[in-house]
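Student: The structure is given below, and queries will be raised subsequently.
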Amino acid sequence: MTQATSDIAALLGSRICHDLISPIGAISNGVELLAMSGAGPMPEIDLIAQSVEHANARIGFFRVAFGAAAPDQVLGAAEIRQILADLTRGGRLEMLWSAEGEVARPEVKLVFLLLNCLENAMPWGGTIEVGREGARWHVAARAEKMRADPALWEGLSRSGPATGASAAEVQFLLAPLVAAELGRPLAVELSETGATIRA
């Protein structure tokens, strides 16, 4: 995948996220109206509301991870923490952002793709902490048990992306490309109970 192809993929990601926001917002408004109608608590409405909240959180995360990212765009630490808190609310996975200050959006895009890779390897939950060591990013994961496909993970630290990834694993294809565009070689350490990625 060339940089031009990567740019097209990012624009496609932005377009999909943008087009999904409106209908999901409409569903959310409908749920609020039902709740205000005086019909009383209904498990069905609660389930829809939770699903809408989860969908909004996913789209917010995917918009950064898979969308277009101009070099002059920045995200603040508070906004990043809110995106991660929304994404992991009620789940078994915790994502902690310890870096302070504003970060260029392409850098956040790379880190979010790496978080998505780790999420794939942590189906039973755990904790991921993102910080900076000098100029490099440090993403550390801890879990009781990891499920990491070696073929996918080797692609992160090779010069080329992994092959044979499924749609649910596309982050393993994109992360090395974004890292290369930013001039940030990836170093990966994996164990049965954790992982460390430096970028």
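The values are calculated or read from the model by the stated rules, or taken from the named source; none is laboratory data. As the structure is a computational prediction, the values presented were derived from the model and not from experiment. Glycine gets a Cβ as well: all are built from the backbone with ideal geometry, and neighbour counts include every protein chain shown.
Student: Within the bounds of segment 119-142, is there any residue that is in a loop (DSSP other than H, G, I, E, B) and of a type in the set (D, E, K, R)?
Tutor: Step one: list which residues in segment 119-142 are in a loop (DSSP other than H, G, I, E, B), which gives 121-125, 134-135.
This time we only want the ones that are of a type in the set (D, E, K, R), so: none.
Within segment 119-142 (the criterion being in a loop (DSSP other than H, G, I, E, B) and of a type in the set (D, E, K, R)), the answer is no, since none of the residues qualifies.
Student: A further question follows. Please verify whether segment 101-111 includes one or more residues that are in contact with a strand residue (DSSP E or B) (Cβ under 7 Å, 6 or more places away or on another chain), assigned by TED's automatic domain parsing to the domain that holds residue 177, of a type outside the set (D, E, K, R) and over 24 Å from residue 12 (Cβ atoms). Even if it seems obvious, please write down each step before you answer.
Tutor: Residues of segment 101-111 that are in contact with a strand residue (DSSP E or B) (Cβ under 7 Å, 6 or more places away or on another chain), as a first pass: 102-105, 108, 111.
Within this subset, residues satisfying the condition of being assigned by TED's automatic domain parsing to the domain that holds residue 177 are 102-105, 108, 111.
Checking the rest, the ones that are also of a type outside the set (D, E, K, R) come to 103-104, 108, 111.
Next, only the ones that are over 24 Å from residue 12 (Cβ atoms) stay: none.
No, the conditions are met nowhere in segment 101-111.
Student: Another question, if that's okay. Going through 135, 175, 167 one at a time, which residue ends up being outside the structural domain of residue 64 (by TED's automatic domain parsing) and surrounded by 13 or more Cβ atoms within 10 Å (Cβ to Cβ)?
Tutor: Details: 135 fails: surrounded by 13 or more Cβ atoms within 10 Å (Cβ to Cβ); 167 fails: surrounded by 13 or more Cβ atoms within 10 Å (Cβ to Cβ).
So the residue among 135, 175, 167 that is outside the structural domain of residue 64 (by TED's automatic domain parsing) and surrounded by 13 or more Cβ atoms within 10 Å (Cβ to Cβ) is 175.
Student: Please go through segment 79-98 and give me each residue that is surrounded by fewer than 17 Cβ atoms within 10 Å (Cβ to Cβ) and either over 16 Å from the mean Cα position of the chain (by Cα) or not in a helix (DSSP H, G or I) (or both), ordered by number. Quick ask: steps written out before the conclusion?
Tutor: Keep residues of segment 79-98 that are surrounded by fewer than 17 Cβ atoms within 10 Å (Cβ to Cβ), which gives 79, 81-82, 85-86, 89-92, 94, 96, 98.
Within segment 79-98, 89, 90, 91, 92, 94, 96, 98 qualify.
Student: Still on this model: Every residue in segment 111-151 that is free of Cβ contacts under 8 Å to residues at least 60 places away in the same chain and of a type in the set (Val, Ile, Thr), please.
Tutor: Result: 127, 128, 130.
Student: Collect the residues in segment 73-110 that are farther than 28 Å from residue 144 by Cβ and either in contact with a Ser or Thr (Cβ under 8 Å, 6 or more places away or on another chain) or without any contact (Cβ under 8 Å) to a residue 12 or more places away in the chain (or both), keeping them in residue-number order.
Tutor: Listed by number, the residues that qualify are 78, 79.
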